[in-house]
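Below you'll find the structure, written out as structure tokens, and then a few comments.
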Amino acid sequence: MNRRIRPGDGSGWVQHHFFVLLGVLFAALFWIGESLLHFYFFEPGNLSHDLFPTVYHEMWMRMFIVCMFLGFGFFTQRIDDARMRAEIRRGEEQFKALMDVSPEAIAVHQGGLWVYANDAAAKLFGGKQPEDIIGRQVMEFVHPDDHIVVQERMRQLFEGEALTPKLEERLLQPGGTSILAEVYALRTEFDGKPAVMVVARDIDERRRAELELQRSELRLKEAQRVAHLGSWELDLLENSLWWSDENYRIFGVEPGSVNTYDTFLATVHPDDKVYVDRAYTASVKNRTPYNIEHRLLLPDGLVKWVNERCETYYHDDGTPLRSAGTTLDITESRHSADVIRLSQERFATIFRQAPLGMALIDSLNGTIHELNPRFAEIAGRSVEEMKAVDWMSITHPEDVQADLDNMALMNAGRIPGFTMEKRYFRPDRSIVWVRMTIAPLRGEKGSSPQHLCMIEDITERKQADEALRESKDLLRSIIEHAPIRVFWKDAQSRYLGCNSAFAHDAGLTQPEELVGKSDFDMGWREQAELYRTDDHRVMASGEAKLGFEEPQTTPEGRHIWLRTSKVPLRSAAGELFGLLGIYEDITQRKEAELELLQANRALRTISACNSVLVHARDETNLLQEMCRVIVKTGGYLMAWVGIAEHDAGKSVRPVGQSGYEEGYLDSVNITWADTELGRGPTGTAIRTGKKVVNQDCLNNPKMAPWREQAIKRGYQSSIALPLAISKAEMAVLTIYAAEPDAFNLDEVALLEELASDLAYGIGALRTRVAHKEAEDRLDFMAHHDALTGMPNRILLHDRFEQVAATARRRGSNVAMLFLNLDDFHLVNDVLGRSLADHMLVQVVERLHGCIRESDTISREGGDEFIILLGDVGDLAAIEIIVQKILDAFSEPFTVDDHIVSVTSSIGISIFPNDGRDFNRLISQSEAALQKAKAAGKDTYNFFTEQMNINALEHMQLQGQLRHAIINQEFRIYYQPQIDTLNERMIGAEALVRWQHPQHGLVPPLKFIPLAERSGLIIPLGEWVLNEACRQAQVWRKRNRMPSMVMAVNLSAVQFKRGNIVETVIQALERSGLPAENLELELTESILLDDVEVVMETLHRLKDIGIKLSIDDFGTGYSSLSYLKRLAVDKLKIDQSFVRDMVVDPEDAAIVSAIIQLGHTLQLTVIAEGVETRAQLQLLKSLECNEVQGYLFSRPIPAEDFSGLFEQAGESGMNDKA
């Protein structure tokens, strides 16, 4: 088969049909030219006739000529095609011949199969001839790891790329071996079909050579790095410098930063730069070796030493061409040389100035070659004298032989040297003890052996050793004859020795008999474990344990007490090897102390328990603490307190316990019934009310039911003391001791006193707790609404100040919501006050579910609430909460089986937009509430300035108020105050009223706040005070009531801003009314500011003789701590508590608590708002001192009040009631 390989994409279509197209072109040009010629010259005006002639001969002639042109094109094209095929065939044959003989491996594949391969390719792929390759899969010869890359390149060739870049691929050969080949691939044709020609070259050997070269370079670099040897080459013609990596590392500069001779010189130490430059220049010039040492100055300031060598190469004409050299880092060797030199100098210095005597001596003849001054000084001679002396002559005769023997052994090589103590004679024949150390010295071969002799003067140590020996003998004598017992042990607590006194106590005849024994071998083996533990503790801590007491059983079985001290024993090296102990018999002293302790422990217990009683705040803790103190201070084993229960079994309930109990009280059944279980000490003490002493639990027959449990816990004796807490309640204090006969008569008497104090303390504590609960309740009432427990106006004010401060810091807002229940009076009318109150409690619960925990709900009274929202963002956030509140009322309330639906209206003011003052914000929210009410209720409204128009009426009224004072439009009405016991009138309260010319009688609630805000309350109050005093004095004289008291209210503004003390004095002086007949009623708000000034003013009023009372007590700032300090005489219970106290137990409890508190503080208590006989009777039963209210009389003018005196007469006011 004739197969053709045609590189590239082949010729184009135009190239293959060139002459045919040329014939067509000529025919078309002839036709158009002939037509134009006829048009212009023969038949003008009819171009279409000229293009397509109708004359037969003309048409035939044109067609003939056109066919000639076309025939010429086709004929010429066939001739050219034959020529081109011949040329291609010749080119292909030549190309194939070239491929066949090419040394490069060339192969062609189609569809993944090899279709052509030359001999080189067959050899490369592991075959012998091309036929071994042709027809096989291409991927058979490609390493599996390269399949993806090869396939991707083939895809790229067929999709448009004509030639792939050079690739390195691994080719597989038979046997599984692989070679690395450099491969090119290009797109071509084979037999007229697309194919890929592959040209490959075996680069396996070359790559191995390259790798070997790289390894050689790496080994060279590593060798240079290890040897600190760098290399360099300087091209003298180009002035270019090459450095190895190690050279850069030695010089400490970045690679590539040194590339010229000048940049090299810049790295040389400034002091060596000229020297290096001259040496190198001279070497090049004179052709002498360049071998110098110099310093480098590294970029970090460090200095290095290097040795540089080089050889310079020259041109034939003598011109220097290049220098190649090495750089060796010799910093360490230079440093080592310096170290050796310094070491030698240091040794010479040490040799001369050493505190030891040192000498270099000939080992054979003993000649001293060299010695230091200290050696001569120890020997008592000069250096020159020592060099001339024979050392044998100055050595003590008793030490000569030992010295000679050791020298012989050392010279024979049997010992490396030796140390010995010997004596020298000084010139004055005095003896000096020395510790001599001999060490042989290695000399040069053939030289006489020498040794180094070092001597230390130990004369003083020898003398100290002798003194120590004598001291030890003295110490041994002292220990033996001392009146105390002495012993010493090893680290395992085995005895190493003792004195004779200790041996005698141990029942031994000689101290030596004790050696090697332990405490377990002695007569006190019962305490052996205790002693051993104590020994180990001392040795483990390394600290002495001094003067402690411990028991011991003598060999005779007698129990004694010892006062012992133990100290750890250490060797000279500081290592602990045992302990030393001493002791003395303190049995007699211990017995005396025990008797004294038993006599005094009850006294100590009483003292400690009295302290507990004084500081007790809780009964449970009191009893528990009392038991703990009794056990700890008294040294008893256990104590407990039980309450006698009045149940069927007359059980005793434990309420306090301390000490070693281990479930004793749970395991025993103790009663105070007259049965076997009730005839023990505890039950008998409760039943008889007398103490019961049990001196022996083991043998007392009455302890039989509890003996086993008591003995198990170590109870040997006990005492039961009755506690008469009250007539109806009895308790018992039972104490257990660890020894029999533990309670003597004196101790029993003191413990009886303790029990009496405890009984009284329990009763007193209960009284204090009751008073504290009442005080806490009143304090709570002062800041909270009595019905709902919500904060009142005072606490709300405090909360407002806190959230307002936070809002100022954060730039946020505070919302004041004034909420009112719509038409709630209908609920009151239909369900009654009690059920309405229950509903208000449910309202509060729902409100809590609508707000955050940080927000505050305050009840203003009735069905009005103020909700304080702190740290809110914008109006939208507020509206979400408000709408949530309104939605909460959509669900009906269930009140005692009644389904009640109620809505609410809310007025809102915003801090700081609407204002910053607390009261102003409340007023604004209240105004907004009224707007919401007017809008149809069940809605909310934000305060706007437009609402201030509604305040115009208040302003007008305030202006009229000034004229009212001038025009004397005010009247005083009086309401009698009644003695509860006999219902006689004892005084009156003055109440101001405004008789307006147009509006009639204006109630106080409408004009008093205006007067306070404007300050007009001060002149108004002065007028009321003066008029009331005047009227009271008239009634005293006319009705013969010298003791009648006139009560006048004082405003907080009047108290703070008015000169109240002087005003009162002037009113009394003008009217002639005695001071004791005037009572000033103070509102609790007076106490809110500047307490100390308030206290001073009140005491000044008291000094005058004025009576003082707290008005509306329980609704405001009722701080008991201030109440104790106030010089008041009377408390007035607010009518809000009196109104429902007959039907509301909570109101009744509050009234009772106020009355009890007043009586406790020795104050008179008056209740206002008394309207029914039932209220009066209840107040009488609660011992309320005084009352006033509509039951006796409404507030009436003075002229009517005078008639009231005459009608009441001596019979009192009961008939009016």
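Quick notes on this one:
- Modelled label positions at Leu745 and Arg971, each set 7 Å beyond Cα in the direction of Cβ, lie 8.7 nm from each other.
- Comparing Cα centroids, the stretch 1004-1038 and the stretch 711-778 end up 61 angstrom apart.
- Too-long pairs where the Cα-Cα distance tops 18 Å, listed order kept, from Lys1102/Lys1130; Lys566/Lys632; Lys690/Lys727; Lys1107/Lys1132; Lys472/Lys566: Lys566/Lys632; Lys472/Lys566
- Rounded if a/c under 1.5, otherwise prolate or oblate - the stretch 463-512, Cα gyration tensor axes: oblate
- Estimated FRET transfer efficiency (Glu460, Asp390; beta-carbon r; R0 35 Å; 0.05): 0.80
- Dipole magnitude for the stretch 398-474: computed about the Cα centre from +1 point charges on Lys and Arg Cβ and -1 point charges on Asp and Glu Cβ, it is near 320 debye.
- Model label points for Glu1171 and Thr349, set 7 angstrom from Cα along the Cα-to-Cβ axis, are 11.3 nm apart.
- A Cβ-based charge dipole, computed about the Cα centre of the stretch 106-202 with Lys and Arg at +1 and Asp and Glu at -1, lands at about 80 debye.
- Rounded to 0.05, the FRET efficiency of the Val1142 and Arg768 pair, given R0 = 30 Å and the Cβ-Cβ distance, is 0.45.
- A Stokes-Einstein calculation at 37 °C with viscosity 0.692 mPa s, built on the Kirkwood radius of the chain over Cα pairs, returns a diffusion coefficient of 66 µm²/s.
- Calculated FRET value between Asp81 and His143, using beta carbons and R₀ = 45 Å, to 0.05: 0.45
- ³J(HN,Hα), Karplus 6.51/-1.76/1.60, whole Hz, each residue of the stretch 764-781, x for Gly, Pro: 5, 5, 4, 5, 5, 5, 4, 5, 5, 4, 5, 5, 4, 5, 5, 5, 5, 4
- Given charges at Cβ of Lys, Arg, Asp, Glu: the chain dipole, positive-most of Thr903, Gly714, Ile794: Gly714
- One chain, two ends: His963 and Ile899. Fully extended at 0.36 nm per residue, the span grows by 17.8 nm beyond their Cα-Cα distance.
- Along the chain, the exposed loop sites are chymotrypsin sites (Phe, Trp or Tyr not before Pro) outside DSSP states H, G, I, E and B with at most 16 other Cβ atoms within 10 Å, and the longest stretch free of them is 1-659.
- With contributions of -39500 (n - 2.57) from each DSSP H run of at least four residues, the per-residue ellipticity at 222 nm computed over the chain stands at -14500 deg cm²/dmol.
- The loop-placed trypsin sites (Lys or Arg not before Pro) in the stretch 885-943, going by DSSP, that have at most 14 neighbouring Cβ atoms within 10 Å of their Cβ come out as Arg916, Lys937.
- Counted over the chain, the DSSP beta bridges are approximately 85% antiparallel.
- The label point for Lys712 and the one for Arg249, both projected 7 Å from the Cα toward the Cβ, are 8.3 nm apart.
- Taking GluC sites (Glu not before Pro) as exposed when their DSSP state is a loop state and no more than 10 other Cβ atoms lie within 10 Å, the longest site-free interval of the chain runs over 854-1217.
- Charges were assigned to the Cβ only: +1 to each Lys and Arg, -1 to each Asp and Glu. The resulting dipole of the stretch 354-463 about its Cα centre is roughly 200 debye.
- Vicinal HN-Hα couplings computed from phi for the stretch 1137-1153 (Karplus, 6.51 cos²θ - 1.76 cosθ + 1.60; Hz; Gly/Pro x): 8, 6, 4, 10, 5, 6, 10, 10, x, 5, 4, 5, 5, 5, 4, 4, 5
- Shape of the stretch 106-202, Cα gyration tensor, a/c cut at 1.5: oblate
A short reminder: the numbers here are calculations on the coordinates, not readings from a lab. As the structure is a prediction and not an experimental result, all values here were calculated from the model. All Cβ positions, even for glycine, are placed from backbone atoms using ideal geometry, and neighbour counts span all protein chains on display.
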